[in-house]
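As structure tokens, the structure follows; a few thoughts come after it.
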Amino acid sequence: MGFLLRTVKPLFTFPKHWRPAGCFLHRSCSGPAKPGVTSTERGTAAGDTSRTQLSSGPSLQDFIRAVSVKQTPSACGEDSDSSGYLPEDLVRGDQRRVYFETYGCQMNVNDTEIAWSILQRKGYLRTVDLNEADVVLLVTCSIREKAEQTIWNRLQQLTAMKRRRLKSQTPMKIGILGCMAERLKTELLEREKLVDVLAGPDAYRDLPRLLTVADGGHQASNVLLSLEETYADIMPVHVAPQGYSAFVSIMRGCDNMCSYCIVPFTRGRERSRPVSSILEEVRMLSDQGVKEVTLLGQNVNSYRDTSEEQFCSSDLTTLSRGFKTVYRTKQGGLRFSDLLDRVSQIDPDMRIRFTSPHPKDFPDEVLHLIAERGNICNQIHLPAQSGSSRVLNAMRRGYTREAYLDLVKNVKRIIPEVALSSDFISGFCGETEDDHQQTLSLIREVGYNVGFLFAYSMRKKTHAHHRLEDDVPAEVKRRRLEECIGVFREEAARVNATLIGSIQLVLVEGQSKRSAEDLCGRTEGNVKVIFPKEDVAVQDAESTTAPISAGDYVLVKILSASSQSLKGRALSGSSLGGSVKQDETLTRHQVDALMASDTTRI
């Protein structure tokens with residue numbers, strides 16, 4: 001059972017009007033026997049008394065009413081049962097300082113924002129200085145062995161720091177949140193004894209109580225996975241340093257059960273956040289001036305909101321042609337295309353992205369919506385994982401090489417200017433040299449501009465761990481990974497080179513890391529663009545210029561390209577409504593700048 005807790009909350013509570021019957025059972029056989037009363041008579045009398053008292057005692061309904069199975073947020077947004085058996089004043093943060101370190105995917109970034117929102121309500125303060133922290137929380141990743149080893153090393157450092165702090169008046173508590181907490185709970189709590197608090201991905205509401213238990217000198221853990229938790233009523237505290245971009249979680253968990261993947265075992269089954277909660281958060285971000293929102297989920301495009309009766313129907317989920325799942329086809333619910341439609345209408349000047357999708361969940365209605373809406377980025381992540389149908393079958397991906405390539409063709413047909421990215425695993429169980437060559441050929445055939453490539457790392461609990469053999473030597477995995485990266489870079493350089501001479505709408509992120517004289521931003525296709533920091537013409541103005549700031553949209557002429565980035569020169573300020581994608585009329589300053597070069601393409 002995935003729930004370890006040093007201090008256990010009582011399962012049942014008794015109604016106040018009823019006194020437990022256990023007291024009279026002892027009373028009936030205590031004290032001297034009355035003269036003239038036989039044992040049979042005494043037994044009969046005691047039985048009558050017991051039956052009378054039991055008949056006036058609690059029924060099954062009393063126990064059910066006494067235990068709240070499903071908590072409902074109160075009107076003020078506070079948790080209805082935030083502290084359990086602990087008094088409210090004991091679970092307050094009392095302005096203790098919390099320091100977060102976040103590792104892994106963007107879902108962990110979002111988890112950090114949720115955890116901080118919960119702790120902030122309870123009176124904790126956040127610090128960016130580790131030395132002044134009273135509580136250190138690591139939001140962890142278990143997707144690969146290297147990610148976990150990074151956390152183990154960091155825990156050793158923090159434990160040494162904690163021992164030094166024991167000599168002071170402000171002892172430090174260490175907590176592990178997220179996937180690693182669920183997967184390695186026993187090792188973390190009992191064997192290594194490096195942490196005070198463990199909270200799995202579905203237990204962040206319990207953090208204030210767990211920290212209170214830890215303050216009492218006990219280790220505390222809650223790694224129970226939920227079939228319902230989406231944190232829909234928790235408004236994350238977005239802490240992106242730039243403030244122009246934000247991530248919005250729309251669903252949690254995964255049902256795909258790919259044979260290599262630990263996610264279903266660390267984050268549980270799929271459940272989608274109610275659409276009303278998502279739209280509320282996106283509207284709030286728009287009001288704050290956020291220019292780009294990325295919708296997040298382990299399998300983001302399988303979103304299916306069944307929170308309202310009106311969404312429930314007999315319609316079956318539509319998959320990409322040629323794709324299948326390991327689970328029965330789902331029916332009913334508000335689908336991803338419906339959500340994407342509603343989100344994109346909130347603010348026409350806000351870019352919408354989503355990650356990470358599964359190729360099986362790209363029916364034509366999603367693709368057509370991306371093509372039609374000016375603020376939904378023409379950039380799609382299509383994780384292939386392998387170019388070999390045999391390996392894809394072993395991975396339980398639900399498609400063949402041919403089906404994947406057919407999907408790519410369909411995507412490019414509906415969205416001609418689409419930018420594609422992907423994930424690949426090198427050295428999966430049983431992968432041969434021929435399988436590897438098929439992967440290289442797939443990379444060349446598709447032409448991605450962004451990729452995430454890794455050597456296979458077997459994870460316990462997965463299907464591969466139980467049924468397959470990790471038989472590809474480590475040195476072969478490394479060699480194949482390097483070859484995949486090499487081909488990927490060649491193709492990315494080729495794809496990016498086709499943009500030289502074009503005008504790209506760029507959302508500015510800030511100063512370039514390599515030069516204080518340059519700025520950097522990203523195109524709609526999510527490619528980094530670097531350009532000089534200089535004043536540009538203001539949109540819809542005849543003679544005014546202004547400096548460029550983070551969060552601005554600017555039109556940039558691309559002058560050179562590599563596999564990693566583009567370089568260019570800013571021409572003018574712009575917006576999504578006045579961007580090249582929308583075919584809007586350019587201002588006179590934009591036209592003058594464009595006419596300066598015969599090679600410019602729009």
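The values are calculated or read from the model by the stated rules, or taken from the named source; none is laboratory data. On a predicted model such as this, the values are computed, not experimentally measured, just so you know. When we count neighbours, we look across all protein chains shown, and the Cβ atoms used for this are built from the backbone with ideal geometry, even at glycine. Protein only, heavy atoms only, side chains kept; ligands, DNA and RNA dropped before computing areas. Shrake-Rupley method; radii C 1.70, N 1.55, O 1.52, S 1.80 Å.
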Modelled with pLDDT of 95 or more and crowded, with 17+ Cβ neighbours inside 10 Å: is that true of residue 296 in this structure? yes
Looking only at the stretch 131-153, how many residues end up being surrounded by 14 or more Cβ atoms within 10 Å (Cβ to Cβ) and over 22 Å from residue 106 (Cα atoms)? 3
Any residue in the stretch 495-513 that is surrounded by 15 or more Cβ atoms within 10 Å (Cβ to Cβ), at pLDDT 95 or above, aliphatic (A, V, I, L, M) and within 20 Å of residue 105 (Cβ to Cβ)? no
Mind listing just one residue for me: the one in the stretch 186-228 that is open to solvent by 30 Å² or more (accessible area, probe 1.4 Å) and charged (D, E, K, R) and, of those, farthest from residue 253 (Cα to Cα)? 215
Test residue 387 against the criterion of being in a loop (DSSP other than H, G, I, E, B) and touching a residue at least 60 places away in the same chain (Cβ under 8 Å), and give yes or no. no
Criterion (of a type in the set (Ser, Thr, Tyr), crowded, with 19+ Cβ neighbours inside 10 Å and in contact with a strand residue (DSSP E or B) (Cβ under 9 Å, 6 or more places away or on another chain)) met by exactly one of 286, 314, 302: 302
Residue match in the stretch 103-115 (condition: over 26 Å from residue 247 (Cβ atoms) and assigned to a helix (DSSP H, G or I)): no
For residue 491, work out the one condition from (1) surrounded by 17 or more Cβ atoms within 10 Å (Cβ to Cβ); (2) not in a helix (DSSP H, G or I) it doesn't fulfil. (2)
In this structure, is residue 405 open to solvent by 10 Å² or more (accessible area, probe 1.4 Å) and under 25 Å from residue 525 (Cα atoms)? yes
Has the stretch 61-82 got at least one residue that is closer than 30 Å to residue 158 by Cβ, open to solvent by 40 Å² or more (accessible area, probe 1.4 Å), at pLDDT 55 or above and part of a helix (DSSP H, G or I)? no
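Please specify each residue of the stretch 514-536 satisfying the condition of being part of a loop (DSSP other than H, G, I, E, B) and open to solvent by 60 Å² or more (accessible area, probe 1.4 Å).
Our first condition is that a residue be part of a loop (DSSP other than H, G, I, E, B); within the stretch 514-536, this holds for 514-517, 523-527, 533-535.
Matches in the stretch 514-536: 514, 517, 533, 535.
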In the stretch 464-481, how many residues are surrounded by 13 or more Cβ atoms within 10 Å (Cβ to Cβ) and out of contact with any Cys (no Cβ under 8 Å at 6 or more places or on another chain)? 7
For the stretch 454-495, give me each residue that is under 22 Å from residue 402 (Cβ atoms) and touching a Leu at 6+ places or on another chain (Cβ under 8 Å). 484, 487, 488
Residue by residue through the stretch 458-480, note down the ones that are in contact with a strand residue (DSSP E or B) (Cβ under 9 Å, 6 or more places away or on another chain) and part of a loop (DSSP other than H, G, I, E, B). 472
Return the only residue of 370, 380, 346 being open to solvent by 30 Å² or more (accessible area, probe 1.4 Å) and either among the aliphatic types (A, V, I, L, M) or in contact with a Leu (Cβ under 6 Å, 6 or more places away or on another chain) (or both). 346
In the stretch 317-343, how many are open to solvent by less than 10 Å² (accessible area, probe 1.4 Å), at negative phi and assigned to a loop (DSSP other than H, G, I, E, B)? 1
Taking interchain pairs and intrachain pairs at least six residues apart, which have beta carbon atoms under 9 angstrom, with the first residue in the stretch 538-565 and over 24 Å from residue 451 (Cα atoms) and the second basic (Lys, Arg) and at pLDDT below 90? 542/588
Criterion (more than 30 Å from residue 300 (Cα to Cα) and in contact (Cβ under 8 Å) with a residue 40 or more places away in the chain) met by exactly one of 209, 183, 205, 165: 209
Cβ pairs under 7 Å, 6+ apart, first in the stretch 403-421 and within 26 Å of residue 485 (Cβ to Cβ) and free of Cβ contacts under 8 Å to residues at least 12 places away in the same chain, second basic (Lys, Arg) and open to solvent by 10 Å² or more (accessible area, probe 1.4 Å): none
Reported set for the stretch 411-445 where residues are among the β-branched types (Val, Ile, Thr), in a helix (DSSP H, G or I) and open to solvent by less than 10 Å² (accessible area, probe 1.4 Å) is 411, 439, 443
Inside the stretch 310-355, the number of residues satisfying the requirement of being under 29 Å from residue 400 (Cα atoms) and free of Cβ contacts under 8 Å to residues at least 12 places away in the same chain is 1
Select, from 468, 481, 440, the only residue that is within 25 Å of residue 322 (Cα to Cα) and not β-branched (Val, Ile, Thr). 440
Checking residue 451 against (1) open to solvent by 10 Å² or more (accessible area, probe 1.4 Å); (2) modelled with pLDDT of 95 or more, which test does it fail? (2)
Of all residues in the stretch 251-309, which are within 24 Å of residue 429 (Cα to Cα), over 13 Å from the mean Cα position of the chain (by Cα) and part of a loop (DSSP other than H, G, I, E, B)? 255, 256, 257, 258, 259, 260, 261, 262
